[in-house]
Amino acid sequence: MENYKNIIKEIYSDVKKVNDIGKVANYIPELAFVKADNFSVHISTINKEGFGVGDFDKKFSIQSISKILSLTLAYKLEGEKLWERVDVEPSGNPFNSLLQLESDLGKPRNPFINSGAIVVCDILFSHLKNPKEDFLKFCKDISDNSTLNYNKKVAQSEKDSGFRNIALTNFIKSFGNIKNNVDDVLDFYFHICSIEMNSKEISEIFLFLADDNFTTRKGERVITKSQAKRINAIMLTCGFYDESGEFAFKVGLPGKSGVGGGIVAIHPDKYCITVWSPKLNEKGNSYKGMLFLEKFTSKTTSSIF
Ligand code: GLN
């Protein structure tokens with residue numbers, strides 16, 4: 001940990017000085033109110049050590065990072081049948097694209113693009129009695145963190161401006177791959193995206209993907225080892241939309257980004273690290289987040305390759 005601490009401090013101060021060419025997401029109006037120069041890093045190891053720099057205790061909208069949590073719960077409840085409805089191939093397209101759905105007959109390429117995450121939400125909606133409450137409880141149980149919550153303003157803001165997601169859901173429904181009411185599924189999806197966490201909380205909640213022996217405070221496993229392996233594999237190949245290859249190439253870890261500017265990366269058997277910097281590159285991934293992680297895995301020589 002001492003080694004990680006020094007390297008994190010050093011890279012943090014280097015990357016802080018870099019001119020940020022990214023832009024804060026504003027297609028969800030409420031997200032544009034965030035202070036653009038927030039910058040934080042937090043690492044949590046499987047030995048339960050943690051270290052952070054910058055605004056790591058400031059909550060932000062985790063957006064698509066939540067797609068890992070919705071996938072985890074759906075996989076747990078639905079098992080392998082899940083893959084009949086969502087594929088596991090990189091899309092090579094932007095996160096909100098409608099393009100491939102026509103030729104793929106409404107089966108999204110993977111669970112980390114919007115179309116795939118919306119189908120995952122539909123599956124959860126069919127399983128859960130009180131979808132929003134039950135999903136939040138699942139997140140609280142894994143992280144042993146009762147402060148987690150949705151940001152209703154962000155969810156409403158996305159509902160008011162989410163034309164592409166509305167189009168995606170209706171389009172998928174026309175192929176029969178959405179079983180529930182479109183408005184209900186979207187409301188659930190927008191809430192899941194609006195969950196707020198700080199960098200420390202994010203690096204802690206995903207330890208179940210880094211640590212094969214992870215159990216909750218009640219002593220329960222979150223998912224099987226094989227399921228964790230598969231989720232990590234999809235993060236590596238699809239976690240950054242049409243920049244997934246670039247992230248694997250530069251950082252070499254399974255990871256997932258969100259348009260709130262957060263990135264989480266997992267080193268299986270070692271750690272989980274989160275970086276938050278709200279300005280995004282043209283692919284919708286945090287500009288400084290990617291830069292930080294590239295330097296971090298290079299300096300620590302701790303990628304999976
Ligand atoms: N809620 C966002 C959307 O659907 C999530 C996208 C993201 O974080 N990449 O557009």
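The values are calculated or read from the model by the stated rules, or taken from the named source; none is laboratory data. Quantities reported herein were computed from a predicted structural model and do not represent experimental measurements. Quick reminder, even Gly has a Cβ in these numbers, built from the backbone with ideal geometry, and neighbours come from all protein chains shown. We work out accessible area using only protein heavy atoms, side chains counted, and drop any ligands, DNA or RNA first. Shrake-Rupley method; radii C 1.70, N 1.55, O 1.52, S 1.80 Å.
Structural remarks
- Test: Asn281 is surrounded by 19 or more Cβ atoms within 10 Å (Cβ to Cβ) and without any contact (Cβ under 8 Å) to a residue 40 or more places away in the chain: no
- Considering only residues in the range 27-37 that are surrounded by 12 or more Cβ atoms within 10 Å (Cβ to Cβ) and of a type outside the set (Gly, Ala, Ser), the one that is nearest to Asp55 (Cα to Cα) turns out to be Asp37.
- Only listed residue being assigned to a helix (DSSP H, G or I) and within 16 Å of the ligand (Cβ to nearest atom), chosen from Ser97, Ser115, Ser91: Ser115
- Pairs with Cβ under 9 Å, 6+ apart, first in the range 18-30 and within 14 Å of the ligand (Cβ to nearest atom) and charged (D, E, K, R), second open to solvent by 100 Å² or more (accessible area, probe 1.4 Å) and not in a loop (DSSP other than H, G, I, E, B): Glu30/Lys153
- For the range 37-59, the condition of being touching a residue at least 12 places away in the same chain (Cβ under 8 Å), within 16 Å of the ligand (Cβ to nearest atom) and among the small types (Gly, Ala, Ser) holds for none of the residues.
- Residues that are assigned to a helix (DSSP H, G or I), open to solvent by less than 60 Å² (accessible area, probe 1.4 Å) and of a type outside the set (S, T, N, Q) were ranked within the range 71-88; the one that is nearest to the ligand (Cβ to nearest atom) is Leu71.
- Which listed residue, of Ser244, Ser286, Ser257, is surrounded by 21 or more Cβ atoms within 10 Å (Cβ to Cβ), within 16 Å of Leu69 (Cβ to Cβ), within 13 Å of the ligand (Cβ to nearest atom) and modelled with pLDDT of 95 or more: Ser257
- Residue identified as open to solvent by 10 Å² or more (accessible area, probe 1.4 Å), at pLDDT 95 or above and under 28 Å from Ala167 (Cα atoms) among Lys107, Lys59, Lys9: Lys107
- Among the candidates Gly22, Gly92, Gly52, residue that is touching a His at 6+ places or on another chain (Cβ under 6 Å) and either closer than 21 Å to Leu236 by Cβ or open to solvent by less than 20 Å² (accessible area, probe 1.4 Å) (or both): Gly52
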